[in-house]
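Following: one structure in structure tokens, then a few remarks.
The values are calculated or read from the model by the stated rules, or taken from the named source; none is laboratory data. Keep in mind that what you see is a predicted model, and the values were worked out from it rather than measured. Every residue, glycine among them, receives a Cβ derived from its backbone with ideal geometry; neighbour counts consider all protein chains shown.
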Amino acid sequence: MTFSRVIASGFGSGFFPYAPGSAGSLVALLLGAGLLWFSPLALPVAVLAAAFGGLWAVAAARAGDDPGWVVIDEFAGQWIALLPLARPTVLGLVAAFLLFRLLDVVKPGPVGWADRQHGPAAVMADDIIAGAIVGGILWAAQTRWPGILDWPW
């Protein structure tokens, strides 16, 4: 397997036989939680690496129009959804995961528009937009109800 396919497949998580997008998102969620605990700057750096590295990997792997095994876009989107969390908590992680998967499957508005485009940028765009929307929802919830995502430790 080429290096670009390893990256595009989310280090192989995209080859999970059932629901590879959800499997990739779950792997990204667990890695993202670790990055949040490690350093407040680790996750934003990982987001940039996943977005730009994913764009390169999808193009280099000649992945076409978003085959199921390409999940680096889920990594980028899931990590963007986690950015508003100051620290990983069970409720915050579950909310970020479920909301991100919901938007990624239903593809409302701009997420659906991006999904209908073609090329490596489009492969990445729908999940990045979904992650940004989820991040906005989590940020707004925490702003309106401080501490809502802090339970349980």
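Which one is surrounded by the most Cβ atoms within 10 Å (Cβ to Cβ) among residues in the range 47-67 that are more than 15 Å from the chain's Cα centre (by Cα) and charged (D, E, K, R)? Within the range 47-67, the match that is surrounded by the most Cβ atoms within 10 Å (Cβ to Cβ) is D65.
Listed conditions (1) modelled with pLDDT of 95 or more; (2) closer than 20 Å to W37 by Cα; (3) surrounded by fewer than 17 Cβ atoms within 10 Å (Cβ to Cβ); (4) among the aliphatic types (A, V, I, L, M) are all met by A86, apart from (1). Looking only at residues of the range 98-153 that are under 17 Å from P67 (Cβ atoms) and among the acidic types (D, E), we find that the one that is farthest from the chain's Cα centre (by Cα) is D115.
Residues in the range 48-78 that are within 10 Å of M124 (Cα to Cα) and of a type in the set (A, V, I, L, M): A50, A51, L55, V58, V70, V71, I72, A76.
Only residues that are out of contact with any helix residue (DSSP H, G or I) (no Cβ under 8 Å at 6 or more places or on another chain), in contact (Cβ under 8 Å) with a residue 40 or more places away in the chain and part of a helix (DSSP H, G or I) were counted across the range 55-104, and they come to 2. For first residues located in the range 118-140 and more than 15 Å from P84 (Cα to Cα), partners that are of a type in the set (K, R) and lie 6+ apart or on another chain with Cβ distances below 7 Å form the pairs D126/K107. Residues in the range 16-29 that are surrounded by 13 or more Cβ atoms within 10 Å (Cβ to Cβ) and either out of contact with any Ser or Thr (no Cβ under 6 Å at 6 or more places or on another chain) or among the charged types (D, E, K, R) (or both): F16, A19, P20, G21, S22, S25, L26, A28, L29. Considering the range 117-143, the residues that are farther than 19 Å from G32 by Cβ and at pLDDT 95 or above include one that is surrounded by the most Cβ atoms within 10 Å (Cβ to Cβ), namely A125.
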